[in-house]
Amino acid sequence: MQHQCLTILSVLMLTHNSFAQSVNTNAHTNAAPQKRFPIIDFNIVDLELVSQWTLKLVAQQEPPYTDHLKSISRFMVPMLPGRINFSASNQIKTFPRASHLRDYFLTRPWALYTLPSRHHSEFVSLFLRTSKPFDHWSGHREIFHKQLSHDQPAIRALAIEALSVMHHPEDVPRIATYLDDTSEALPALSPNMCMSSTTFFDHNQTFDQRSPNANPVMLRYSWLNLTVKQYAQLALKRMTGFRFEDKAQFDVWWLINHDAKNCYWYWQQRLTREMAEVDLSASLQIKLPSETWERYQSRLGKISQIAIDDVRQSAINELAQCTPEVQTKIVMCCELEQNTGILWQSSQAHRQFSPSPPAGLQVNPEYLLDYLENQAIWPDLKIHSQDNMLNFSMGHPHHIFVGNLLRWAYRLFEPTHLPRLQALLQSTEYQADHSGRLGILLCIAMLHPQANAGNLDDPDTRDSILRQVIRTEPSRDMQRWCVELLTRIGLPQNATLLKDHAFKIHADDPDNEMLQSILKVLIAQPLTEIKRDFLVNLLLDRRFDRWWVYDHMQMGADMCCRYAIDAINTYSGFELIDNELENRIRFPEGDATEAIPEIRKRIAELKTLPLPQ
């Protein structure tokens, strides 16, 4: 076994044939190599070999020789998901070099898929261009099952880690068996989070990355000692979105969520993961020397769209086999902003104007109303847990969930649903929290007709309901949402109310997020003459002048100016406010107000320009 480890070390960068001859004879070396990944094509199923090779890599780590490296180690914290508990003694204060990182992922390839997606762009995409993706090893799932019961904790931990990236829901209870196994396992490379903003200033000089043969220290990773239990916790967090403290806690959760494909956790994790893989696959595309940047970006967009359509259709085909109630639940919940939005339409901007449900799926608003009246009918949407994947950090989780959901799902309701919605609005549960109340209120408003321009405060119209909230509701969030909706659907008749409300000064809103919200809606597609005319009148109002000249020392004070410039240039189709004029505001040598007359002149030109196609 030791000889095999040394052999692997000596041939890591050789071609497929020479590498395949050096690995364990139990590996299936006769699989056809893929030209896209020429360096390695062999099967790692001998976890004892992988364990020994990992320990050998740990022993190779170089200590932080310099004082600078020693100081950095104090600020590096492992970036483990789901608040997995570990002590300071778990972290080995050494950083791998680039070659160690490469060897680690060659030997333990499934570990690539345990990294946070933001680390893919740093190392993984470059690595995958010259190595074999893990899909090739997925055929060895049964072998990993057997190794779960191995007497060595390190082997059990590796089997858990490998199975977790295959994402078979049947393996969830198998892995959960080891939530009480506190045996010391095998070190793993963990991405680091730097707790200081000053430690990387002399990054290039310190770590010799400018040398042609540089093998730099990878500060973003360090070794971490983990127990089998911690491997199981990380694996289950990766597969289900939940962190479990012990087996008893998992058993309670699994009693409700065992029927994975009828539960929200399965679909949320699956769609989020597959959409992340779409982004990763696009990053693997190399720009050709003869290719312009625009053509390269266009090619990436086409590749991504094909992959997105494939993810969407595959999910819809499988979800169509579930009951209409499950289809409604999954489509509704997976459309929330923090999820992929992939089932409804390929882009949220398009979905905003398309109330039709996904072709091939049944979405019945009656089921949604049943849930709003009785949360117990969908117990897998356990949104009261602090570790729930919906991740609501403020307010009552259920009400925030309802508010976020109904802000777009109102398009599914019909006037016949008004009595049930009004009863919900009057219930004591939704009176206690503004987020859920807002969602229901928006649904009610949108089921009413639009008001006539001469009678905007007719109580039986949507305009009146939204205007009343804007005028009287103490919650700034509720005001803001109604302002956005009224800007989207209530122009030009509500322009005066919207302008007056946008220019009100509020002590708790120094950056005027209300005005920012209006500008963001005006920029959004579709671009219309009505929205453009309102934008021109809004920006030419003398009350807006104070937002052109802002406090450069206050974070966020420039956002109204920034959105205004984006809106002007969006409707003009070119840089009507060019860099020279913008810099006169942002970096004034004298009085920034001197640029305002020129800006106003260019804003007035917008009405004479055709809308961009």
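The values are calculated or read from the model by the stated rules, or taken from the named source; none is laboratory data. Given the structure is predicted, the values throughout are model-derived calculations rather than measurements. Quick reminder, even Gly has a Cβ in these numbers, built from the backbone with ideal geometry, and neighbours come from all protein chains shown. We work out accessible area using only protein heavy atoms, side chains counted, and drop any ligands, DNA or RNA first. Shrake-Rupley method; radii C 1.70, N 1.55, O 1.52, S 1.80 Å.
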* **Within segment 141-169, considering residues that are part of a loop (DSSP other than H, G, I, E, B) and free of Cβ contacts under 8 Å to residues at least 12 places away in the same chain, the one least open to solvent (accessible area, probe 1.4 Å)** => Ser149
* To do: Kindly provide the set of residues from segment 481-498 that are modelled with pLDDT of 90 or more, open to solvent by 10 Å² or more (accessible area, probe 1.4 Å) and within 34 Å of the chain's Cα centre (by Cα), ordered by number.
  => Glu484, Arg488, Ile489, Leu491
* Is at least one residue of segment 296-317 over 22 Å from the mean Cα position of the chain (by Cα), free of Cβ contacts under 8 Å to residues at least 40 places away in the same chain and closer than 26 Å to Leu368 by Cα? -> no
* If you check Pro474, Pro459, Pro449, which single one turns out to be in contact (Cβ under 8 Å) with a residue 12 or more places away in the chain and open to solvent by 30 Å² or more (accessible area, probe 1.4 Å)? -> Pro449
* Taking the residues in segment 176-194 that are part of a loop (DSSP other than H, G, I, E, B) and charged (D, E, K, R) as candidates, determine which candidate is surrounded by the fewest Cβ atoms within 10 Å (Cβ to Cβ). => Asp180
* Filter segment 207-228 down to the residues that are modelled with pLDDT of 80 or more and outside any strand (DSSP E or B), then identify the one that is farthest from Asp246 (Cα to Cα). => Asn225
* Name every residue in segment 153-180 that is under 20 Å from Ala111 (Cβ atoms) and under 26 Å from the mean Cα position of the chain (by Cα), in order of residue number. => Ile160, Glu161, Ala162, Leu163, Ser164, Val165, Met166, His167, His168, Asp171, Val172, Ile175
* To do: Determine which single condition Lys261 fails, assuming it passes every other condition in (1) assigned to a helix (DSSP H, G or I); (2) under 30 Å from His145 (Cα atoms); (3) open to solvent by less than 50 Å² (accessible area, probe 1.4 Å).
  => (3)
* To do: Could you look through segment 519-555, keep only residues that are buried (at least 20 other Cβ atoms within 10 Å of the Cβ), of a type in the set (A, V, I, L, M) and more than 31 Å from the chain's Cα centre (by Cα), and pick out the one that is nearest to Arg602 (Cα to Cα)?
  => Leu539
* Which number in (1) closer than 24 Å to Glu274 by Cβ; (2) open to solvent by less than 30 Å² (accessible area, probe 1.4 Å); (3) modelled with pLDDT of 95 or more marks the one condition that Pro173 misses? -> (2)
* Asked: Restricting attention to segment 539-549, which residues are hydrophobic (A, V, I, L, M, F, W, C) and free of Cβ contacts under 8 Å to residues at least 40 places away in the same chain?
  -> Trp547
* Structure fact -> For Ala507, the lone unmet condition from (1) aliphatic (A, V, I, L, M); (2) more than 28 Å from Ser572 (Cα to Cα); (3) part of a helix (DSSP H, G or I) is (3)
* Somewhere in segment 240-251, is a residue in a helix (DSSP H, G or I), within 21 Å of the chain's Cα centre (by Cα) and within 25 Å of Ala157 (Cβ to Cβ)? -> yes
